[in-house]
1. Pick from Ile23, Ile27: which is β-branched (Val, Ile, Thr), assigned to a helix (DSSP H, G or I) and over 11 Å from the mean Cα position of the chain (by Cα)?
2. State which residue is nearest to Asp52 (Cα to Cα) when the search covers only segment 1-23 and only residues that are among the β-branched types (Val, Ile, Thr) and either in contact with a helix residue (DSSP H, G or I) (Cβ under 6 Å, 6 or more places away or on another chain) or at pLDDT below 90 (or both).
3. When you scan segment 22-34, do you find a residue that is touching a residue at least 24 places away in the same chain (Cβ under 8 Å), among the basic types (Lys, Arg) and farther than 14 Å from Ala142 by Cβ, even just one?
4. Could you please let me know if Leu70 is closer than 26 Å to Leu3 by Cβ, among the hydrophobic types (A, V, I, L, M, F, W, C) and touching an Asp or Glu at 6+ places or on another chain (Cβ under 9 Å)?
5. Considering only residues that are in contact with a Leu (Cβ under 9 Å, 6 or more places away or on another chain) and of a type in the set (D, E, K, R), look in segment 78-129 and name the one that is surrounded by the most Cβ atoms within 10 Å (Cβ to Cβ).
6. Return yes or no: is Gly132 surrounded by 18 or more Cβ atoms within 10 Å (Cβ to Cβ), in contact (Cβ under 8 Å) with a residue 40 or more places away in the chain and within 20 Å of Leu7 (Cβ to Cβ)?
7. Can you tell me which of Leu96, Leu63, Leu78, Leu139 is under 16 Å from the mean Cα position of the chain (by Cα), within 23 Å of Val12 (Cα to Cα) and without any contact (Cβ under 8 Å) to a residue 12 or more places away in the chain?
8. Please go through segment 33-69 and pick out each residue that is over 24 Å from Ile23 (Cβ atoms) and outside any loop (DSSP other than H, G, I, E, B).
Amino acid sequence: MTLDALLKTGHVLGAMLFVGNVIVTGIWSAVFWRARHSHDFHRAARAIVITDWWFTVGGGALLTTSGVTLALRRGLPLWGTPWIRLGLVALGVSTLLWLVVLVPAQRTMVRHRGDADDALFVRAYGRWNVWGWVATVPLVYAVWCMVAKPM
């Protein structure tokens, strides 16, 4: 396998792990949240944090480093190539939302037991859920930029 083929494989795998985990976590947590009276949602909140660090951060790092390396190996200027620039900006916007809104909400969810009566937990979950989906939009756009390569 050539280095470029290995980097492409890493790039696609990184995108799958990164975007896949974001979308799947949003869906399964919503399903679990609806059944929270019969389940311990606190465990789900802890699982969200663990999977975020392993799959979202790990996949995002693999996606970004392999993509930047591929672009540089091919002589493509990162900021001078529109689809790369747009994709990187979209990833940056999503990452900023994750760091500023989602991580603090996750910390609040983990600190509290997740009882239906826990207003702080409920607000943190609501904020995490809404802003998580908002942060997903730029990720999907970044994938589109990778595939469509708009000029």
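The values are calculated or read from the model by the stated rules, or taken from the named source; none is laboratory data. Since this is a predicted model, take the numbers as computed values, not measurements. No Cβ is skipped: glycine too gets one built from the backbone with ideal geometry, and neighbour counts run over all protein chains shown.
1. It is Ile27.
2. Among them, the one singled out is Val22.
3. No, every residue in segment 22-34 fails to be touching a residue at least 24 places away in the same chain (Cβ under 8 Å), among the basic types (Lys, Arg) and farther than 14 Å from Ala142 by Cβ.
4. Here the answer is yes, as Leu70 does meet what is asked.
5. Of everything passing the filter in segment 78-129, Arg127 is surrounded by the most Cβ atoms within 10 Å (Cβ to Cβ).
6. When the stated conditions are applied, Gly132 does not pass them.
7. The conditions single out Leu96.
8. If the condition is that a residue be over 24 Å from Ile23 (Cβ atoms) and outside any loop (DSSP other than H, G, I, E, B), then Thr69 is the only one that fits.
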